[in-house]
């Protein structure tokens, strides 16, 4: 229907006796919109190609074998930053997943249209878009000041605060897609609410909820600003108890990219490539997972 | 709450039904989910509280002058937020000026003009652009965009406008290094395009197809459909989408810190370096002690207030159309 309409409006015949100004306005809109879309695509292509070129030039096995180099030392790698980033992201998502899923469950299953639920929904939307640097400041006052120093734990909490709203939102959206008749069937069998939620609603919405967690992981993996004042960075292997600065890719990239040393900058590009490819891979996997489910 | 009463309703339909004994795990699950939901509220309250608590000494010391003063002198312990506020607003405004037409163009292209086979690749590309971490935009801006911008825009434009009134001031680069307020605005524009475009696309998709089809049916052109059908229908929520983008532009830290130049003075030229609230916090917070720390917290407080207002407005505008 839609395509037939568009096809007929682009075909030359219907233009017959149309005022020239209408024709010009229409053509202008079409051309301008197409050009703008092209600009968007070119911008992404340019950024990604540049990243691939610079990153691949800097990438070598040594990058994955050595820790970050000190000033004026040659070579070095980013293995400590990669490990630290994995730990911080893991910490963040481990804290955020139960909280986010339970909160999303409350909104979809218990709260629904109540006043409190709509307030929480509203606040969640605000948190979803709040500047991440402010979350860094908050965790700094909450954990770094009382604990007397930077720590990986503070970094994990800061990342968790960014991940929670994403998970709450997707969990609620997904649970709302579960038909009410399924729940009623469960209740009719005499199952208590918690069992209905766990074995019916969650099971039906599972892949959507997993998608939400994956998207949240992709979101926090590249966050730099909240880590600046919480996990900071570390040019060496961090302590096993995660106290003190913990090396991580985003802050490493920030510090090394702005440094005057050539090999530091190259390592920053290598780190940037590693982190961007992982994030893009994560988001593509999340999308495929969701698409497969929605087709079924 | 509603769910439970629904359950009770189902059960009370026949009072002879034996009720399952109230299990403690059921209550526990309920409490856990309620507690998690409350945690979301507590976090926001905590953010507001920590900003106010941290910024209060600076507000008390300088009063309203903190906002209007453009002095930021660590040596003399004198702080004012004006330069950072102006930098934040200017970069965000430039970002909107460039980003909004492009993102609306993309949204219209995707919903009205795009051949079906191209729809998915373009939409995916735009969404991936949103997933790229902001620090990558910063690096690209500093190492790739800024040198080109200096060579092909700043230097030629400065030569043309030199000596002219007004333009000779606002478009003159004293040090054509490529970084500055305008560069930061352009990078921010590239960053907010995917956000505004994807929200605007969703909104345009929600306009009932029958309205569009009847407009095409009486012989409207695509431009007339966009102008007289889509715009009146979706206009308010599109403004909401733009506000959402504005919220992002105001609070963006890393990309801006790379390209804004981090200068501490007010300049009349768009080509000159400046600073934003977020970039100043990112630059100075780790070395700050005493009153400087409080002043940075107070800056955070102002940033939070502004983005909070913008986001609330965005939500209200988008919600209003959904109700209609």
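Within the range A:233-249, the residues that satisfy the criterion of being closer than 15 Å to residue A:154 by Cβ and within 13 Å of another protein chain (Cβ to nearest Cβ) are A:233, A:245, A:248.
Selection over the range B:282-297 of residues that are facing chain A (nearest Cβ under 10 Å) and under 25 Å from residue B:175 (Cβ atoms) gives a count of 2.
Determine, yes or no, whether residue B:265 is touching a residue at least 24 places away in the same chain (Cβ under 8 Å), surrounded by fewer than 24 Cβ atoms within 10 Å (Cβ to Cβ) and not in a helix (DSSP H, G or I). Against the criterion (touching a residue at least 24 places away in the same chain (Cβ under 8 Å), surrounded by fewer than 24 Cβ atoms within 10 Å (Cβ to Cβ) and not in a helix (DSSP H, G or I)), residue B:265 qualifies.
Please verify whether residue A:132 is under 19 Å from the mean Cα position of the chain (by Cα), facing chain B (nearest Cβ under 8 Å) and in contact (Cβ under 8 Å) with a residue 24 or more places away in the chain, treating the condition exactly as stated. Answer is yes for this residue. The residue list A:127, A:142 contains one member that is more than 22 Å from the chain's Cα centre (by Cα) and at the interface with another protein chain (Cβ under 7 Å from one of its Cβ atoms), which is A:142. Among the residues examined, residue A:203 does not qualify as within 11 Å of another protein chain (Cβ to nearest Cβ), assigned to a helix (DSSP H, G or I) and either within 30 Å of the chain's Cα centre (by Cα) or closer than 30 Å to residue A:254 by Cβ (or both).
The rows are residues; the columns are (1) surrounded by fewer than 18 Cβ atoms within 10 Å (Cβ to Cβ); (2) at the interface with chain A (Cβ under 7 Å from one of its Cβ atoms).
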{"residue": "B:87", "(1), (2)": "no, no"}
{"residue": "B:92", "(1), (2)": "no, no"}
{"residue": "B:99", "(1), (2)": "no, no"}
{"residue": "B:103", "(1), (2)": "no, no"}
{"residue": "B:116", "(1), (2)": "yes, yes"}
{"residue": "B:124", "(1), (2)": "yes, no"}
{"residue": "B:133", "(1), (2)": "no, yes"}
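Quick one: is residue A:126 over 25 Å from residue A:222 (Cβ atoms) and crowded, with 18+ Cβ neighbours inside 10 Å? No, not satisfied. Counting only residues that are part of a helix (DSSP H, G or I) and modelled with pLDDT under 85, the range A:46-68 holds 2 of them. Which members of the range A:1-37 meet the condition of being modelled with pLDDT of 55 or more, in a helix (DSSP H, G or I) and either more than 7 Å from chain B (Cβ to nearest Cβ) or over 39 Å from the mean Cα position of the chain (by Cα) (or both)? Selection gives A:20, A:21, A:22, A:23, A:24, A:25, A:27, A:28, A:31, A:35. Say whether the condition of being out of contact with any helix residue (DSSP H, G or I) (no Cβ under 7 Å at 6 or more places or on another chain) and outside any loop (DSSP other than H, G, I, E, B) is met by at least one residue in the range A:69-76. Among the residues of the range A:69-76, not one is out of contact with any helix residue (DSSP H, G or I) (no Cβ under 7 Å at 6 or more places or on another chain) and outside any loop (DSSP other than H, G, I, E, B), which makes the answer no. The listed residues are A:70, A:75, A:92, and the only one of them that is more than 8 Å from chain B (Cβ to nearest Cβ) and on the phi > 0 side of the Ramachandran plot turns out to be A:75. Residue count for the range B:178-227 satisfying the condition of being farther than 28 Å from residue B:121 by Cα, outside any helix (DSSP H, G or I) and in contact with a helix residue (DSSP H, G or I) (Cβ under 6 Å, 6 or more places away or on another chain): 2.
In the set (1) crowded, with 19+ Cβ neighbours inside 10 Å; (2) more than 24 Å from residue A:251 (Cβ to Cβ); (3) under 13 Å from the mean Cα position of the chain (by Cα), the condition left unmet by residue B:249 is number (2).
Within the range A:154-174, being under 20 Å from residue A:208 (Cβ atoms), more than 14 Å from the chain's Cα centre (by Cα) and crowded, with 22+ Cβ neighbours inside 10 Å holds for A:171, A:172, A:174. Checking each residue in the range B:5-51 for being within 7 Å of another protein chain (Cβ to nearest Cβ) and modelled with pLDDT under 90 picks out B:7, B:10, B:20, B:23, B:25, B:26.
I'm trying to understand the selection: among the residues of the range B:219-247, which are at the interface with chain A (Cβ under 10 Å from one of its Cβ atoms) and either farther than 20 Å from residue B:318 by Cβ or modelled with pLDDT under 85 (or both)? Answer for the range B:219-247, where residues must be at the interface with chain A (Cβ under 10 Å from one of its Cβ atoms) and either farther than 20 Å from residue B:318 by Cβ or modelled with pLDDT under 85 (or both): B:219, B:220, B:221, B:222, B:223, B:224, B:225, B:227.
Within the range A:99-113, the residues that satisfy the criterion of being closer than 19 Å to residue B:26 by Cβ and modelled with pLDDT under 90 are A:111, A:112. Of the helices (runs of 4 or more DSSP H) entirely within the range A:90-188, those holding at least 3 residues that are within 30 Å of residue B:286 (Cα to Cα) occupy A:115-129, A:132-139, A:152-177.
The values are calculated or read from the model by the stated rules, or taken from the named source; none is laboratory data. All of these numbers come straight from a predicted model, not from anything done at the bench. Here the Cβ is made from the backbone with ideal geometry for all residues, glycine too, and neighbour counts use every protein chain on show.
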